[in-house]
Every structure is written in structure tokens, then in C-alpha cells.
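Heads up, the thing below is written out as C-alpha cells.
Derivation of every value follows stated rules applied to the coordinates shown; laboratory data play no part. Everything numeric in this text was worked out from a predicted model, so none of it was measured. Virtual Cβ from ideal backbone geometry, glycine too; neighbours counted across all protein chains shown.
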Amino acid sequence: MGALVKFLIMANVVFAASGTIDGTNKYAWSENAGWVNFGTSQGNVIVSDTELTGYAWGENIGWISLNCSNTSSCATVNYKIANTTLGVLSGYAWNENAGWINFSPGVGSDPIINTTNGQFSGYAWCENVGWINFNCS
């Protein structure tokens, strides 16, 4: 299913399988971190029914790891962006410069992937850079 991931990101999300971020509409925005690119070929972001893997690139903060499996560090630091079959995202991503990025900050607008059209909405929170916006508007 073609899908829209906005943080200003568009993604091809395929439930019961996996998908990659759309090459054209791949950006997210944070007031303090700037643009975050979820569609770099080097980052290889994959969206599946259970998790996100790969790396996003923040123009002001560098690489953001979406899953400990990216670095084989799960035995010592177990983190990931989980995805339920209902499209609810939760968990943490890691960035060397900004720290932990919380995909379930508990403010009633946690990131969600609409399972019908793939559009992302909601916000993630990072103590060092603030809110990251997944909303289209």
C-alpha cells in the first residue's frame, strides 16, 4: 500500500510485509534539529508490522539509529521503534549527538501509522532537541 509518513515523510508501508520510505517525500522536521531524512539510501529505513529498522539522517545531529539491531548492540542496549499491527509506534531511537528520541512520550499524540492510507501523525520527543513532528499539516 502506498503510504504517507510525514514528519514530513512519505513512506510505502506494507502491513503483513515491509516497506521502505518514499524517495521523494522522506523528510521530518524538528525546530531544533532541522530536517530529518528517513529516505537516504545509506540509511535503509524499513517499516514492518513489528518495527522500524535502519537509520535516519538529521542535517544538524547526524545519524539516528531506529533499532539496536543496526549496531548489534541489543545484548547491552536493547532499543527499537516498535510498530503494532494497528500502526501505533513506541519505543526509542538513538542519536549520538541528541540522545534518546522517545516515540511514546505519553502526551496523547504519540506517532501512529494509519493502517488504511499509511499517513503518519503525532510527535516524538527528544530531551535535547524537543518535539519531532510527524504531522502533514
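Below are the figures for this structure:
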quantity	calculated
Length added when fully stretched, Trp35-Ser69, from 0.36 nm per residue minus Cα-Cα	9.8 nm
The range 34-94, Rg to Rh (Cα coordinates; Rh as Kirkwood inverse mean 1/r)	0.97
Cut-off under 5 Å, modelled amide H: who pairs with Ala28 long-range	Val36, Asn37, Phe38
Cα→Cβ-extended label distance, 7 Å offset, between Trp100 and Ser48, nm	2.4
Long-range amide H partners of Asp110 with built H, under 5 Å	Tyr123
Centre separation in Å (Cα based) which lies between the range 70-88 and the range 50-65	13
